[in-house]
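Asks: If you scroll down you'll find the structure; I have some questions about it.
The values are calculated or read from the model by the stated rules, or taken from the named source; none is laboratory data. Owing to the predicted nature of the structure, the values given are computational and were not obtained by experimental measurement. All Cβ positions, glycine included, derive from the backbone under ideal geometry; neighbour counts span all protein chains shown. Heavy atoms of the whole protein, side chains included, go into the accessibility calculation; ligands, DNA and RNA do not. Shrake-Rupley method; radii C 1.70, N 1.55, O 1.52, S 1.80 Å.
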Amino acid sequence: MVSPRPLLLVTGVAEGLGASIAATFADAGYDVLGLARSDKAAAGVASAVGKAGGKYTHLCCDLTRPTDVAATLDPYVSAISVIIHNAHVVLIAPFDQTDEGAFERVWRVTCMGAMVVSRLVLPSMIAAGQGAIILTGATAGLRGNARFAAFASAKFALRGLAQSLAREYGPSGIHVAHVVLDGLVDEPQTDERFGPAQSMRMDPDAVARAYLSLVGQESSCWTRELDLRPCAEPS
């Protein structure tokens, strides 16, 4: 299935950052595939992409099931030119109350999910001699904190994956970048987890524009890691 416009795949698409990424890239000329476990956000994202002139296709799939992911993406995989892996599971719990199953699920969605979609799409990107993979990181991928053992270890792993892929596939024309979101994104999920804002939050549209800028970089001057934070967030 070939799109006349470049095709973006966003994993973990939802209200907030995922929707902003989809709309921002659609406005720049992309069609968008959104991959998520449910269709909860599908109508809103489709509307935003449509208003920007793009086509949106919502795919329901569990990233922790590689065979299902391969079957779901098979009709589109050769046309995908950009991957943005935004899927993650946030687990905030004391370490002695975190069992093996919960710990593994955080890693499987956050890190292995990126590996699964990247392996599927990379052959086509290599054949085309171009493509971009952006992995959404977090403060927890730079420094662990109390009660974040599962999330921090998964985000550390994601950062390592980004660094390895960048060095392995950069010579083939594939731009791999890791984006550290060092702050809370202003989206409904943040309110659900942490309550009303007590300090400046990151504008999801601004983050999305930063992602678009990464994808547009010349190959002679690629950013491999981008650190984004509110102006009032301490480093």
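Asks: Once label points are set 7 Å from the Cα along Cα→Cβ at both E168 and D227, what is their separation, rounded to one decimal in nm?
Replies: Distance between the two pseudo-spin positions: 2.7 nm.
Asks: In addition: Say R0 is 45 Å: what FRET efficiency, to the nearest 0.05, do S220 and F194 get from their beta-carbon distance?
Replies: The calculated FRET efficiency here is 0.65.
Asks: Report in % the part of the accessible area of the chain that belongs to carbon and sulfur, leaving out ligands and nucleic acids; probe 1.4 Å.
Replies: Values: 5770 of 11110 Å².
Solvent-exposed carbon and sulfur of the chain make up 52 percent of the total.
Asks: Same structure again: Where in the range 188-217 is the amide nitrogen less than 15 Å from a point lying 7 Å along the Cα-to-Cβ axis of E15?
Replies: Under 15 Å, as judged by backbone N against the label point of E15, lie 188-197, 204 of the range 188-217.
Asks: At most 16 other C-beta atoms within 10 Å and a DSSP loop state: those are the exposed trypsin sites (Lys or Arg not before Pro) I care about. Give me the longest piece of the chain that has none. Could the numbers behind the result be given before it?
Replies: On the way: sites that count: R37, K40, K55, R143, R147, R224.
The longest uninterrupted stretch comes out as 56-142.
Asks: Follow-up question, since we're still on this one. Mind checking the per residue accessible area of the chain for me, 1.4 Å probe, whole number of Å²?
Replies: With the other protein chains kept in place, the chain gives 47 Å² per residue.
Asks: Could I have the simple spin-label model distance between D205 and A127, label points 7 Å from Cα toward Cβ, reported in nm to one decimal?
Replies: 3.9
Asks: Another one. Is the shape of the range 98-235 best called rounded, prolate or oblate, per the rule: a/c under 1.5 gives rounded, else a/b larger than b/c gives prolate, else oblate, with a ≥ b ≥ c the square roots of the Cα gyration tensor eigenvalues? Could the numbers behind the result be given before it?
Replies: Numbers: a/c = 2.20, a/b = 1.36, b/c = 1.62.
Oblate, because a/c is 1.5 or more while a/b does not exceed b/c.
Asks: Putting +1 on Lys and Arg Cβ atoms and -1 on Asp and Glu Cβ atoms, find which of A46, A152, S78 reaches farthest to the positive end of the dipole of the chain.
Replies: S78
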